[in-house]
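Structure first, then comments.
The values are calculated or read from the model by the stated rules, or taken from the named source; none is laboratory data. Since we're looking at a predicted model, the values are computed, not measured. Positions of Cβ are backbone-derived with ideal geometry, glycine not excepted, and every protein chain shown enters the neighbour counts. The area values use the complete protein model at the heavy-atom level, side chains included, leaving out ligands, DNA and RNA. Shrake-Rupley method; radii C 1.70, N 1.55, O 1.52, S 1.80 Å.
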Amino acid sequence: MVRGKVQMKRIENLSSRQVTFSKRRNGLLKKANELSVLCDAEVALIIFSQKGRLYDFASSNMQKTIERYHERARETMVDNSTELQQYMEHLKHETANMAKKIEILEVSKRKLMGQGLGSCSMDELQEIDSKLERSLENIRARKAQLFKDEIESLKARQCLLLEENANLREKCRLMPTPSATPPTQRKERGNCSKNAQNSEVETELFIGLPVMRCA
């Protein structure tokens, strides 16, 4: 019969838990003894049950094995502490180097900005001048490239606008022209304008006694 997989969780049933503890405790003690015999290893095993009962196994003297364990644990702690101190010293050294590099970069930046040049020698000034020239060349090259890209963009837009303009002209050419006004309508409009001019009367306002005219 195939044995099912055991779930790794606390066994709730008390009797099942005690049976499982007894079986696995005996198996663990047996495996510890086999390990010490087959591999000539110093093995110490301590087990406390739920009720506090002690079960142990030692291939040699239990007390000596425990003392050996504590000694080795202290050595491990010392080794870890030494490694930690070395790591801290390494970090301090790296921090100091980084601070020096940052200071050098700040000084170089101030010199490129034209500050703190009083202590510079002729060679240092020549080097700064060369750096500035290279920087200006790069700036001009980038500026020229941007101008070129902008010109290409404007040319492309111009071509697009010309094409749209040509399409609009073609559409306007194909549209029908409005019909001319008939001559009779033009004549009626001319008569209306003449009648309007004739109907206008000039008036003049005069204030005072009326002028007597002789017959």
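Can you name the number of the only condition in (1) exposed (fewer than 11 other Cβ atoms within 10 Å of the Cβ); (2) in a helix (DSSP H, G or I) that Gly114 fails?
Tallying (1) exposed (fewer than 11 other Cβ atoms within 10 Å of the Cβ); (2) in a helix (DSSP H, G or I), Gly114 fails exactly one: (2).
Could you say whether any residue in the range 40-50 is out of contact with any helix residue (DSSP H, G or I) (no Cβ under 6 Å at 6 or more places or on another chain) and modelled with pLDDT under 90?
Looking for residues that are out of contact with any helix residue (DSSP H, G or I) (no Cβ under 6 Å at 6 or more places or on another chain) and modelled with pLDDT under 90, one finds at least one in the range 40-50, hence yes.
Mind checking whether some residue in the range 3-20 is in contact with a Lys or Arg (Cβ under 6 Å, 6 or more places away or on another chain) and either of a type in the set (Val, Ile, Thr) or in contact (Cβ under 8 Å) with a residue 12 or more places away in the chain (or both)?
Yes.
Run down Ser60, Ser81, Ser22 and say which single residue is in a helix (DSSP H, G or I) and farther than 24 Å from Val6 by Cβ.
Of Ser60, Ser81, Ser22, the one residue that is in a helix (DSSP H, G or I) and farther than 24 Å from Val6 by Cβ is Ser81.
Just to be sure I understand, how many residues within the range 39-57 are more than 19 Å from Arg68 (Cβ to Cβ) and either exposed (fewer than 11 other Cβ atoms within 10 Å of the Cβ) or of a type in the set (Asp, Glu) (or both)?
6
Kindly indicate the residue of the range 63-94 that is among the charged types (D, E, K, R) and open to solvent by less than 90 Å² (accessible area, probe 1.4 Å) and also nearest to Glu42 (Cα to Cα) among those meeting that condition.
Glu75
List every residue pair whose Cβ atoms sit under 6 Å apart, with the two residues 6 or more apart in sequence or on different chains, where the first one lies in the range 157-173 and is of a type in the set (A, V, I, L, M) and the second, anywhere, is surrounded by 10 or more Cβ atoms within 10 Å (Cβ to Cβ).
none
Can you tell me which residue is nearest to the chain's Cα centre (by Cα) among those in the range 1-19 that are part of a loop (DSSP other than H, G, I, E, B) and aliphatic (A, V, I, L, M)?
Met8
State yes or no: is Ile104 free of Cβ contacts under 8 Å to residues at least 24 places away in the same chain, part of a helix (DSSP H, G or I), out of contact with any Ser or Thr (no Cβ under 9 Å at 6 or more places or on another chain) and open to solvent by 80 Å² or more (accessible area, probe 1.4 Å)?
yes
Kindly check whether there is at least one residue in the range 60-69 that is of a type in the set (Gly, Ala, Ser) and closer than 30 Å to Arg10 by Cβ.
No, the range 60-69 has no match at all.
What do you reckon, is Ser36 exposed (fewer than 10 other Cβ atoms within 10 Å of the Cβ), free of Cβ contacts under 8 Å to residues at least 24 places away in the same chain and in a helix (DSSP H, G or I)?
When the stated conditions are applied, Ser36 does not pass them.
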